[in-house]
Amino acid sequence: MPIVSSSRAACQGPYRRFQRAAALILGGSSGLLVVHAAARGLFENETEIGAPKRPGAVEWDAGAGTYTVSGGGANMWFTNDVFHFVWKRVSGDVSLSADIALLGAGGDPHRKACLLVRQSLAPNSAYADAVLHGDGLTSLQYRAGTGERTYEIQSSVVAPHRLRIEKRGRYVSMSVAGTDGVLHPAGGSFRLELNEPYYVGLGVCAHNNEDLVKAAFSRVELTGGTAPRILSTLETVPIASKDRRVVWTTTHHIEAPNWSRDGQSLVFNGRGQMYRIPVAGGEAVPIDTGSAQRCNNDHGLSPDGATLFISDQSLTDRKSRIYSLPWAGGTPKLITPVGPSYWHGVSPDGRTLAYCAERNGEFDIYTLPVDGGTETRLTTSPGLDDGPDYSPDGRWIYFNSDRTGRMQVWRMHPDGTQQEIVTNDDFNNWFPHPSPDGKWLVFLSYEKDVLGHPEYKDVTLRLMPLAGGKIEVLARLFGGQGTLNVPSWSPDSRRIAFVSYQVLPEGP
């Protein structure tokens, strides 16, 4: 199938650069009263969001280029916010940067100084902020819609000297800098759809309605966008809180994390290589895969964690084949002599592999003994069957199929019998993965008009209780091919690892 073969091949090439024109149209026809705009520098006005007991204010020192903002309020979280906001109305893409320092000793450790984009001045407005807390915690917080709860993506950098929030198209991201002032992407972005015009500005919250705290914002820059590039972010998300955590970022294209069986490491592919990194963060270390130097995003671990299965395209025909090698690295052993074959799952007893393979122009689900042998074809319906993964009790193989006209999640017994549909909605649903405790199914959803599983698309990670119940949204992000191709549950079934992508400007 041309769509499938092109998307599979795409994971082997260099990542594409996106070229978007970005224009910033500063507000002036909003109809809002602007009072002494020059006294607020770049900004038009200030207001209290919510009803703090102690009102805040802004002092603009034109000579020093510093905004000193005071603010009260109980919190900026959950479904409503209470803080002091210094703002300007804008349209188009926007970037706001500043050196930020919370002033004075004491105060609540979760007092906040932040850079914001916000739909309205209502306390329950959709918004995003790059926020520095009193204890140094730095996060990208967001409320996707009016009255919804707030989530966050925590940065691995504590107490940065400078922050930037950037809205490009439908995505918002954050960058951080140390004392050298050089901004680096913090990693992680999310979809936030704001109607134009919207608000951008500075905010301070005391996190205690009895207090009033101050923060200094200096070297404040408010600009439009520039020519973008792509950032890859390795992330985790707890299924309970849905607050995402950045593990690592890179300007190289990376894909498809697996979680080690001891819960301490993540494995992923990039530029034809395999890498390992601590879940807590650090540096990615290459895994020795011997002659396999064109690894793609279909890989994973044996149940005991001792063996790494990879799919590699190093042979001269460039067709993917499945190999095994020690978890620590070593010489790859060929398992599927016929290609293309793409690993996706292993039975709970470690004896059988499940994979997607093209044979005679059809992509179907196959199984094979882990040491090689004769493969067994499980699906025969015309079209694409892909992404097989075993349930932890070994009774089912979950997979995705477009046999009904749209890609949906299906399941069957390991011998191919009792094939039945699991999801039936208006999304194209790919790569279902049961949790190790057998309670949940996570999968990747594209919009209904997206064909195949391309990279760099608006996608949603969704979570289904296998005992029955409502499908939940884990994260909305810019992703697709490489985000969640293979099993990526933590061993305790509490977290998912995935990769998101993000459009960045050229330069720092």
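The values are calculated or read from the model by the stated rules, or taken from the named source; none is laboratory data. Here the structure is a predicted model, which means the values were calculated and not measured. Note that each Cβ is placed from the backbone with ideal geometry, even for glycine, and that neighbours are counted across all protein chains shown.
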Before we move on, is Thr423 outside any strand (DSSP E or B), in the same structural domain as Gly469 (by TED's automatic domain parsing), surrounded by fewer than 16 Cβ atoms within 10 Å (Cβ to Cβ) and of a type in the set (Val, Ile, Thr)?
-> no
For the subset of segment 353-412 comprising residues that are charged (D, E, K, R), under 26 Å from the mean Cα position of the chain (by Cα) and assigned to a strand (DSSP E or B), which member is farthest from Trp430 (Cα to Cα)?
-> Asp389
Report yes if Gly188 is closer than 26 Å to Tyr446 by Cβ, surrounded by fewer than 22 Cβ atoms within 10 Å (Cβ to Cβ), in contact (Cβ under 8 Å) with a residue 12 or more places away in the chain and in the same structural domain as Leu103 (by TED's automatic domain parsing), otherwise no.
-> no
If you go through segment 426-435, how many residues are in contact with a Phe, Trp or Tyr (Cβ under 6 Å, 6 or more places away or on another chain) and part of a loop (DSSP other than H, G, I, E, B)?
-> 1
Across (1) in a loop (DSSP other than H, G, I, E, B); (2) surrounded by fewer than 20 Cβ atoms within 10 Å (Cβ to Cβ); (3) in contact with a Gly (Cβ under 6 Å, 6 or more places away or on another chain), Pro52 clears everything bar (2)
A careful count of residues in segment 139-162 that are over 14 Å from Glu235 (Cα atoms) and assigned to a strand (DSSP E or B) gives 5
Looking only at residues in segment 441-466 that are hydrophobic (A, V, I, L, M, F, W, C) and within 19 Å of Phe498 (Cα to Cα), which one is surrounded by the most Cβ atoms within 10 Å (Cβ to Cβ)?
-> Val459
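Okay, residues lined up against (1) out of contact with any His (no Cβ under 7 Å at 6 or more places or on another chain); (2) farther than 23 Å from Ala57 by Cα:
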site: Leu103; (1), (2): yes, no
site: His110; (1), (2): no, no
site: Ala122; (1), (2): yes, no
site: Tyr142; (1), (2): yes, yes
site: Gly147; (1), (2): yes, yes
site: Ala159; (1), (2): yes, yes
site: Lys167; (1), (2): yes, yes
site: Ala177; (1), (2): no, yes
Failed item in (1) at pLDDT below 95; (2) crowded, with 18+ Cβ neighbours inside 10 Å; (3) in a strand (DSSP E or B), with Ile25 passing the rest = (2)
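For (1) buried (at least 23 other Cβ atoms within 10 Å of the Cβ); (2) out of contact with any Asp or Glu (no Cβ under 7 Å at 6 or more places or on another chain); (3) among the hydroxyl-bearing types (Ser, Thr, Tyr), each residue gets a yes or a no:
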| site | (1), (2), (3) |
| --- | --- |
| Glu166 | yes, yes, no |
| Ser173 | yes, no, yes |
| Leu183 | no, yes, no |
| Leu192 | no, yes, no |
| Val200 | yes, yes, no |
| Val204 | yes, yes, no |
Out of Leu102, Leu132, Leu96, which single residue is within 15 Å of Cys205 (Cα to Cα), touching a strand residue (DSSP E or B) at 6+ places or on another chain (Cβ under 8 Å) and buried (at least 24 other Cβ atoms within 10 Å of the Cβ)?
-> Leu132
Out of all the residues in segment 215-225, is one or more in the same structural domain as Asn75 (by TED's automatic domain parsing), buried (at least 16 other Cβ atoms within 10 Å of the Cβ) and closer than 21 Å to Ala74 by Cβ?
-> yes
Starting from segment 59-72, take each residue that is free of Cβ contacts under 8 Å to residues at least 24 places away in the same chain and list its partners that are of a type in the set (S, T, N, Q), counting only C-beta distances under 6 angstrom and pairs at least six apart or across chains.
-> Glu59/Thr68
Among the residues of segment 388-395, is any touching a Pro at 6+ places or on another chain (Cβ under 7 Å) and either small (Gly, Ala, Ser) or free of Cβ contacts under 8 Å to residues at least 24 places away in the same chain (or both)?
-> yes
Which residue out of Gly438, Gly469, Gly482 is surrounded by fewer than 16 Cβ atoms within 10 Å (Cβ to Cβ), modelled with pLDDT of 95 or more and either in contact with an Asp or Glu (Cβ under 6 Å, 6 or more places away or on another chain) or under 30 Å from Pro303 (Cβ atoms) (or both)?
-> Gly438
Pair list, Cβ under 9 Å, 6 or more apart: segment 121-147 residue outside the structural domain of Gly107 (by TED's automatic domain parsing), other residue of a type in the set (A, V, I, L, M, F, W, C) and outside any strand (DSSP E or B) | none
Give me a count of the residues in segment 55-72 that are touching a Leu at 6+ places or on another chain (Cβ under 9 Å) and in a loop (DSSP other than H, G, I, E, B).
-> 3
Can you spot a residue in segment 382-392 that is modelled with pLDDT under 95 and farther than 16 Å from Asp349 by Cβ?
-> yes
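Here's the yes/no breakdown for (1) under 25 Å from Pro491 (Cβ atoms); (2) touching a residue at least 40 places away in the same chain (Cβ under 8 Å); (3) surrounded by fewer than 20 Cβ atoms within 10 Å (Cβ to Cβ):
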residue: His299; (1), (2), (3): yes, yes, no
residue: Pro303; (1), (2), (3): yes, yes, yes
residue: Ala306; (1), (2), (3): yes, no, yes
residue: Asp317; (1), (2), (3): no, no, yes
residue: Thr331; (1), (2), (3): no, yes, yes
residue: Val338; (1), (2), (3): no, no, yes
residue: Tyr355; (1), (2), (3): yes, yes, no
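Listed here are the residues, each with its yes/no results for (1) within 24 Å of Arg318 (Cβ to Cβ); (2) in contact with a Leu (Cβ under 9 Å, 6 or more places away or on another chain); (3) outside the structural domain of Ile471 (by TED's automatic domain parsing).
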| site | (1), (2), (3) |
| --- | --- |
| Thr352 | no, yes, no |
| Arg377 | yes, no, no |
| Pro392 | no, no, no |
| Ile397 | no, yes, no |
